[in-house]
1. With +1 on the Cβ of every Lys and Arg and -1 on the Cβ of every Asp and Glu, and nothing else charged, how large is the dipole of the stretch 452-543 about its Cα centre, in debye rounded to the nearest 20?
2. Each residue of the stretch 202-209 in order: what ³J(HN,Hα) in whole Hz does its phi give by Karplus 6.51 cos²θ - 1.76 cosθ + 1.60, θ = phi - 60°, with x for Gly and Pro?
3. Computed FRET efficiency, Cβ-Cβ of N182 and E249, R0 25 Å: what is it to the nearest 0.05?
4. Considering only DSSP beta bridges whose two residues both sit in the chain, what percent are antiparallel, to the nearest 5?
5. Would you compute, for the Cα atoms of the stretch 417-476, the largest minus smallest coordinate along each principal axis and list the three values in descending order, in whole Å?
6. For the stretch 452-543, just list the percent of Cα-Cα distances falling in each 10 Å bin from zero outward, please.
7. Given I349, F130, P427, which one lies farthest toward the positive end of the charge dipole of the chain, if we put +1 on the Cβ of every Lys and Arg and -1 on the Cβ of every Asp and Glu?
8. Considering the options I208, H358, L315, tell which one lies farthest towards the positive end of the dipole of the chain, charges being +1 on Lys and Arg and -1 on Asp and Glu at the Cβ, about the Cα centre.
Amino acid sequence: MKIVIVGGVAGGANVATRARRLSEEVEIVLLERGPNVSFANCGLPYHIGGEIADRKKLLVQTAEGLRQLFNIDVRELNEVIEIHRSKKCVSIRNLSSGEIYEETYDHLVLSTGATPLRPALPGIDLPGIFSLRDLADMDGIISWLDLKKAKTAVIAGGGFIGLEVAEQLHRRGLSVTVIDSNEQLLMPFDLEMSAPIAAEVREKINLILSDGVKEFTQSGDQLEVVTRKGEKLLGDIVILSIGVRPESELARVAGLELGERGCVVVDKFLQTSDPNIWAVGDSVELKHRVSGKAVNIALAGPANRGGRLIADNILGKRREFRGPLGTAIIRVFGLTAACTGLNERTCRIQDLPYKAIHLHPNSHAGYYPNAHPIALKLMFNPTSGQILGAQAVGEDGVDKRIDVLATAIAGGITVEELVDIDLCYAPPFGSAKDPVNLAGMIASNIQEELVETISWDGLSAVKGDVVLLDVRSKLERDKGMIPDSLHIPLPELRSRLNEIPKDQTVIAYCQSGQRSYNACRILLQNDVRCMNLSGAYKTWSAARIT
Ligand code: FAD
């Protein structure tokens, strides 16, 4: 049997090595257009900033290593230019010699990835405007920074790669501006969850939201970025990180089925519409594990795991890829943000029955030094208790909570079951009631109708018809409050119940939502209609400072 693999990085290299581990007999040809197979795309920003000092560390495996260790026929600088499905062969251009030749296959695997978007804006081809996809891009960026002794940078796009590069250029001592046409950074997150990241970014660099790049011009030695709103930003370098487009041209020309966004359609075995052709990674669309809708998730995890699964399936196992959750994480200066599953925006667009809760627990026991608050958000189906998605932001402990919740989603664990999930605890690491348990408790309280909640963005619709009740201390209130709210600190609530109008709904808030939940329980048992403001003042105020 002969397997030909197009693309030799995340997905492709995994297919090749797993196939060899399963069979010493199979012939494996790995074709890579670029000069390097199996490099660490995810590490590229960190070499630009110097955090990964040694460039060699980015070469996860070399062509020579793959040949020696795995007996794989690796051909770098070889580009597949056409698939001939009826003949079961591909045409390949050797980029060193220019020669075009053919290679037959029994099974063909496409792991061609995605290419950074480069819109046809005026001036886009000026020198000094870069994207970051591979080692050559990284080397080009570093050489330019050195050559120009760069002091300023403009980054178009505040997604994962844009922010990682921004952080690393700041680390190199550059003055950096990030511009994004959305009203928030990091679109996989909901606005109020990305807001703390925006605040953190603004402390270190210049951030422009709700404005996009219109054109680039040369201004002396520098590039001038003109925005749609007419701002002019000067930079010694510009990095474009405004998204990616699946590299699916080969598949399209070969007549394989493509989805609406031009991604290669694969089934649960990662087989394309041609049973001899498989596809994986950034160029495919898969069914989202929670929504079941087709999604294109350009992340390393699904590409690596999918590659392994394709090798299994070609070599006789019949494994199903259970679909991605889009679990992702980023460090932005002092903060970490992570997410899994669906965000609230998607729940709304897809008209799913959901409830969203916000909480602000500590990363570990508050009495132990260096505990930091985590802003945690959980979406769940209030009827079935199914967890739909989660997001978290904080200085510490974010990765652990989101990974536990991703595992819970994958395992079909309900919010009720989260209450009882047995997680490790000692004061330096967590709390006896871990944030994950607490999320389960809050969600279960809602399911059991012990309390109703309202989100920060639901407030404006009801304001005027409700009484907003601040149950925090005077000291906390003096530092900031929601306008037009009545103030009764929680310890005084039982003795001042006569001040609460009984003919109106009360929306209680404190700092994080815990004391206002207690207030709600008191009020509800005294025949006052009451709701708890989800995430309370912390979430409400975070959303207002984007
Ligand atoms: P790739 O790994 O991109 O490999 C595709 C390869 O196919 C390319 O090398 C290309 O040259 C080759 N190719 C394409 N067409 C042909 C052809 N016709 N013939 C021969 N070869 C061809 N993901 C995360 O989960 N976490 C992160 O922190 C993270 N950070 C990232 C940082 C950067 C800067 C980048 C660029 C990506 C990052 N990603 C991250 C995304 C992750 O790297 C991708 O999701 C993953 O590499 C996709 O794997 P793939 O095999 O589909 O494509």
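Each reported figure results from applying straightforward, stated rules to the coordinates on display, with no laboratory input. Remember, it's a predicted structure, so these values are computed and weren't measured experimentally. Cβ placement follows ideal geometry from the backbone for every residue including glycine, while neighbour counts extend to all protein chains displayed.
1. 300 debye
2. After applying 6.51 cos²θ - 1.76 cosθ + 1.60, I find 4, 5, 10, 9, 7, 10, 10, 10 Hz.
3. 0.35
4. 55 percent
5. For the stretch 417-476, the Cα spread along each principal axis is 45, 33, 19 Å.
6. Per 10 Å bin, starting at zero, the Cα-Cα P(r) for the stretch 452-543 comes out as 18, 58, 23, 1 percent.
7. P427
8. The one lying farthest along the dipole's positive direction is H358.
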